[in-house]
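Structure first, then comments.
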Amino acid sequence: MKSHTKYLTFNTRKRRDYVNITEEVAQAAEESGVREGLALVSAMHITASVYINDAEDGLIADIDKWLEDLAPARPDYLHHHTGEDNADAHLKNLLLHHQVLVPITRGKLDLGAWQQIYYAEFDGQRPKRVIVKIIGE
Amino acid sequence: MKSHTKYLTFNTRKRRDYVNITEEVAQAAEESGVREGLALVSAMHITASVYINDAEDGLIADIDKWLEDLAPARPDYLHHHTGEDNADAHLKNLLLHHQVLVPITRGKLDLGAWQQIYYAEFDGQRPKRVIVKIIGE
Amino acid sequence: MKSHTKYLTFNTRKRRDYVNITEEVAQAAEESGVREGLALVSAMHITASVYINDAEDGLIADIDKWLEDLAPARPDYLHHHTGEDNADAHLKNLLLHHQVLVPITRGKLDLGAWQQIYYAEFDGQRPKRVIVKIIGE
């Protein structure tokens, strides 16, 4: 069995942002030397997500608006009694989930034609990490 | 380490549909020869999900209505400026998530008594693929 | 390759409850002897979730209220024609997802500073199981 661990860091200019990280994950898979296995791509923060969907700007704007509809930024969360102001970012993280698992087949990410891996930032403007953990043979 | 990869194809008659794929995944696990490991079951499309829940028709209808309430089919998504009409299918995919990871113990899927694996189609009536990727020993 | 399987049982006093299980998972990882690998933590029931987020009581109350807003307990679900009364617990399970995958690096759970693993019970007051399945080297 082989394993490979890589940490990616993102520091988005906007508080909420969506970054296509498919190439970084593909590169980590190549570095791993794994031919058959699994690549976990997982945010190490509780106010950011990793998801797979389309690299289409209109859809990304739709996703952002939808997340705000279902998990709105509002002052009246109990979490804000701690001095924080980002409860909505936690809820958005839970809605999109913080991780995906990508199969590796014959040394490549085994994704469908339209599947792109995204880092979704909900409380950015500071360095935040994503772990890529690959195991296989 | 052993690995096994299998692609399942679904072509649902209805645009939205829910297909119990537990037996197909169990068969892939058996073919793999893996006694202890993990089976990733992951949609290769961005308008379909894989989830685990109950094989009960009333609940499946409840899930379908709930998805439509939270991620409704509507004309006014920005994604539709590309000519597409399926933005809601992308949002439903994100809500249910596109993959599950099933443990394999003593050569069998290690599921709870009521856990069934479902393929959820949100933009069907064409062939679409699910990858089953198994690793273990 | 090494593997290790452990079943945790929870019997919450309240119907809905949130239990921090990070220490139990860390202990299972230690028992496994795995230095580099993955730990799947997965509810074996379809009315409970496993998620990663903050160990902050205010936020947990916010999450509970948010789940009730998006997947409310109501009498009029079709699932209830079977005699059940817990359709909302199924929907809450789908919203939060029933599993997380935790990387193990140098023999420890490789979590971010604020990431805590929670068992979320939506239909408790009876014994329910979570599987921890670890594979690695």
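The values are calculated or read from the model by the stated rules, or taken from the named source; none is laboratory data. Because the structure is a prediction, the values reported are computed rather than measured. Cβ: placed from backbone, ideal geometry, glycine included. Neighbour counts: every protein chain shown.
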Per the list (1) closer than 22 Å to C:Ser49 by Cβ; (2) of a type in the set (A, V, I, L, M, F, W, C); (3) within 8 Å of another protein chain (Cβ to nearest Cβ); (4) in a loop (DSSP other than H, G, I, E, B), residue check on B:Ile63 breaks on (4)
Among the residues in region B:61-82, are any modelled with pLDDT of 95 or more, under 22 Å from A:Leu111 (Cα atoms) and not aliphatic (A, V, I, L, M)? yes
Within region C:1-20, the residues that are assigned to a strand (DSSP E or B) and within 14 Å of chain B (Cβ to nearest Cβ) are C:Lys2, C:Ser3, C:His4, C:Thr5, C:Lys6, C:Tyr7, C:Leu8, C:Thr9, C:Phe10
Which residues, taken from region B:45-57, are of a type in the set (A, V, I, L, M, F, W, C) and either over 15 Å from B:Val130 (Cα atoms) or more than 8 Å from every other protein chain (Cβ to nearest Cβ) (or both)? B:Ala48, B:Val50, B:Ala55
Tally the residues that are surrounded by fewer than 23 Cβ atoms within 10 Å (Cβ to Cβ), touching a residue at least 60 places away in the same chain (Cβ under 8 Å) and more than 19 Å from A:Gly112 (Cα to Cα), restricting the search to region B:55-103. 1
Cβ-Cβ distance below 8 Å, separation of 6 or more or different chains: which pairs start in region A:23-44 with a residue that is within 11 Å of another protein chain (Cβ to nearest Cβ) and end on one that is of a type in the set (A, V, I, L, M) and in a helix (DSSP H, G or I)? A:Ala39/A:Val25; A:Ala39/A:Ala28; A:Ala39/A:Ala29; A:Val41/A:Val25
State yes or no: is C:Gln115 among the polar types (S, T, N, Q) and under 21 Å from A:His79 (Cβ atoms)? yes
Considering only residues that are closer than 20 Å to B:His98 by Cα and more than 7 Å from every other protein chain (Cβ to nearest Cβ), which ones fall in region A:66-92? A:Leu67, A:Lys92
Scanning for something more than 30 Å from A:Ala87 (Cα to Cα), part of a loop (DSSP other than H, G, I, E, B), more than 19 Å from the chain's Cα centre (by Cα) and at pLDDT 95 or above, does region C:21-33 turn up at least one residue? yes
Could you please give the count of residues in region B:95-137 that are of a type in the set (Lys, Arg), over 14 Å from B:Glu23 (Cα atoms) and out of contact with any strand residue (DSSP E or B) (no Cβ under 8 Å at 6 or more places or on another chain)? 2
If I go through region C:104-114 residue by residue, how many of them are more than 10 Å from chain A (Cβ to nearest Cβ) and either in a strand (DSSP E or B) or without any contact (Cβ under 8 Å) to a residue 12 or more places away in the chain (or both)? 2
Residues in region B:124-137 that are charged (D, E, K, R) and assigned to a loop (DSSP other than H, G, I, E, B) total 2
Some residue of region C:115-123 being part of a loop (DSSP other than H, G, I, E, B), in contact (Cβ under 8 Å) with a residue 40 or more places away in the chain, buried (at least 24 other Cβ atoms within 10 Å of the Cβ) and of a type in the set (A, V, I, L, M, F, W, C): yes
When region A:26-39 is examined, which residues are found to be closer than 13 Å to A:Val132 by Cα and surrounded by fewer than 22 Cβ atoms within 10 Å (Cβ to Cβ)? A:Ala26, A:Gln27, A:Glu30, A:Glu31
